[in-house]
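Note sheet for the following structure.
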Amino acid sequence: MGDREEKDGPLSGTRILDLADEKASFCSKLLADLGADVIKVERPGGDPSRHTGPFFKKIPSPEGSLFFWYNNTNKRGITLDLEREEGKKIFFRLLKNTDIVVETFLPGDLHRLGLGYDVLRGINSRIILVSVTGFGQTGPRSHDRSCDLVASASGGQMFVSGSASTPPLKPFGEQSYYTASLFAAIAVLLAFRNRDRLGRGEHIDISSQEAVLSTLDHVMVRYFHEKIIPRRQGNQSWNRSFFILPCKDGHILMAPFQQWETLVEWLDGEGMADDLKEEKWLEEDYRLKNFDRLIEILKRWSRTHTLEELFEIGQLMHFPWAPVLSPKQVLESPQLKERDFFIRVDHPEQSASFPYPGSPYQSSSLTLSRWKRAPLIGEDNVSVYQGELGLSDEELQRLSSMGVI
């Protein structure tokens, strides 16, 4: 079946119908990267997420959304109107040979369309349906609309992001979507394994709010046990064990409390230790109480060095420091180049190929022989509807003229 046969990986031979918008396209992308045959099912004219920027050459176009490109690699694409009866009949035919459906409709919308889980499992008892929504399928907020911003705010993430002197800050990018998608992909893999044992599928309910809340690290734990509401720390970690300082040509993440005496010797050798050599600074409690003074001294010193100097010397001293890299620097990283993390994906319609982030895992048994760019609108209509369902040219033209596909 075209690209499906060219893929390797643990999910090779698995069929997924992707009805998700930007809230969970990353989930099905992860599964496609593992070798699954993922078919992106879009409404005629294309999914609304195709209008999410940034755009190729900064020209808004449904075929030029870089956001859509990234979240839909290795997928095939068809168009289908699920609100039309003929569209639903075609969907049911596809469902018979499908293992997993990923969707992001508001709770109840699939049922209203006649595509609820009870209907789907009546057609295919082994189907796994994963629903990714803002607040889950139940509860007083289940029917509220959501987005990445809402999930970040309602999940508590935004409250602890930013500086103490500023209002709450949204983390960069669509982190709530990616977090929910990661949980959804893990749940799908578990359900897939469970299906082999029980012989039937299941309905997975993923809440973006809960996904965000599940990744708040120390925040909820401290509140449960100490009733402490963490303050926004800006460029510092919550316990001040790490913070970011400026250099001559960038910024570096430092951990000043580890190997304290070695660090002070370094500063003293350059005549910049000030009073840090005094015995009182050996006490960690004193350093914490006088943290602003410590930062002032370290900041004055770090500005006399380049980023590379601090990082390389710090590594020789076994300091857990790290450069704060720009996207350009990340792309040029010798470490990532050595591991072939970035892969080039062909875009024949652009007569070019572009670098994409690859898979963040390596294994002797996990391979993908070919990466494919995101599908164009309806690109695989003919191969799926004619090659797999056996529709004729006339039937395909009729359905197209009616707006069903």
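Taken together, the residues in the range 339-395 that are of a type in the set (Phe, Trp, Tyr), within 23 Å of the chain's Cα centre (by Cα) and not in a loop (DSSP other than H, G, I, E, B) amount to 3. Among LEU245, LEU294, which is the only one that is assigned to a helix (DSSP H, G or I) and buried (at least 16 other Cβ atoms within 10 Å of the Cβ)? Exactly one residue qualifies, and that residue is LEU294. Of the helices (runs of 4 or more DSSP H) lying entirely inside the range 69-144, those carrying at least 3 residues that are under 20 Å from ALA187 (Cβ atoms) are 117-123.
Just one of (1) over 22 Å from THR73 (Cβ atoms); (2) modelled with pLDDT of 90 or more fails for SER364. It is (2). So, in the range 146-163, exactly how many residues are over 20 Å from the mean Cα position of the chain (by Cα) and either in a loop (DSSP other than H, G, I, E, B) or among the small types (Gly, Ala, Ser) (or both)? Residues that pass the stated criteria total 2.
Does the range 259-283 hold any residues that are in contact with a helix residue (DSSP H, G or I) (Cβ under 8 Å, 6 or more places away or on another chain) and assigned to a helix (DSSP H, G or I), and which are they? Selection gives TRP260, GLU261, VAL264, TRP266, LEU267, LYS280, TRP281, LEU282.
Of everything listed in (1) at pLDDT below 95; (2) within 19 Å of the chain's Cα centre (by Cα), the single unmet condition for GLU103 is (1). For the range 12-45, a residue qualifies if it is surrounded by fewer than 19 Cβ atoms within 10 Å (Cβ to Cβ) and at positive phi, and the qualifying residues are GLY13, GLY45.
From the list ASN124, ASN97, the one residue that fits, being within 18 Å of LEU389 (Cα to Cα), over 27 Å from the mean Cα position of the chain (by Cα), touching a residue at least 60 places away in the same chain (Cβ under 8 Å) and crowded, with 16+ Cβ neighbours inside 10 Å, is ASN124.
Of GLU261, GLU226, GLU174, all but one fail to be under 28 Å from SER142 (Cβ atoms) and modelled with pLDDT under 95; the exception is GLU174.
Consider the range 11-54 and keep the residues that are of a type outside the set (A, V, I, L, M, F, W, C) and in a strand (DSSP E or B). The one that is farthest from VAL101 (Cα to Cα) is GLU42. For the range 20-42, the set of residues classified as in contact with a strand residue (DSSP E or B) (Cβ under 7 Å, 6 or more places away or on another chain) and more than 19 Å from THR133 (Cα to Cα) consists of ALA32, ALA36, ASP37, VAL38, ILE39, listed by residue number.
Within the option set GLN137, GLN209, being in contact (Cβ under 8 Å) with a residue 12 or more places away in the chain and either in contact with a helix residue (DSSP H, G or I) (Cβ under 6 Å, 6 or more places away or on another chain) or loosely packed, with under 14 Cβ neighbours inside 10 Å (or both) holds for one residue only, GLN209. Based on this model, can you work out whether GLY77 counts as in the same structural domain as GLY134 (by TED's automatic domain parsing) and under 23 Å from LEU389 (Cα atoms)? Considered against the rule, which asks whether it is in the same structural domain as GLY134 (by TED's automatic domain parsing) and under 23 Å from LEU389 (Cα atoms), GLY77 comes out as yes.
The values are calculated or read from the model by the stated rules, or taken from the named source; none is laboratory data. The structure displayed is predicted, hence computed values, not measured ones. Because the Cβ atoms are built from the backbone with ideal geometry, glycine has one as well, and the counts that use them run over all protein chains shown.
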